[in-house]
């Protein structure tokens with residue numbers, strides 16, 4: 001089974017072989033998924049007709065989130081605290097929207 005990895009380079013976000021230009025990004029959203037004993041944070045990066053999504057367990061997650069916040073002026077730097085506020089609740093947060 002192929003292990004997923006996420007990274008940003010050359011003005012694009014990459015999830016394995018998939019690439020999305022940062023200039024095409026329209027929205028970045030974070031939320032939690034309730035897995036009964038633990039919650040998992042997920043991030044969705046949307047463009048017009050598609051999205052990529054990855055979890056906090058994906059290698060490169062922290063670096064990509066730092067780079068996304070830096071890349072998009074007006075991003076919510078406090079997104080993680082908002083998502084983690086209430087356990088076992090989705091707590092969907094828009095980090096950035098065009």
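Taken together, the values in this text are just the output of simple stated rules run on the coordinates, not laboratory data. Everything numeric in this text was worked out from a predicted model, so none of it was measured.
So here's what we get for this one:
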| read-out | value |
| --- | --- |
| Overall Cα dimensions of the chain, principal axis frame, Å, largest first | 37, 37, 25 |
| Relative contact order (percent, whole number), segment 17-98, Cα cutoff 8 Å, 6+ residue spacing | 37 percent |
| Angle between the chain longest axis and helix 61-71 axis [Cα atoms, degrees, rounded to 10] | 60 degrees |
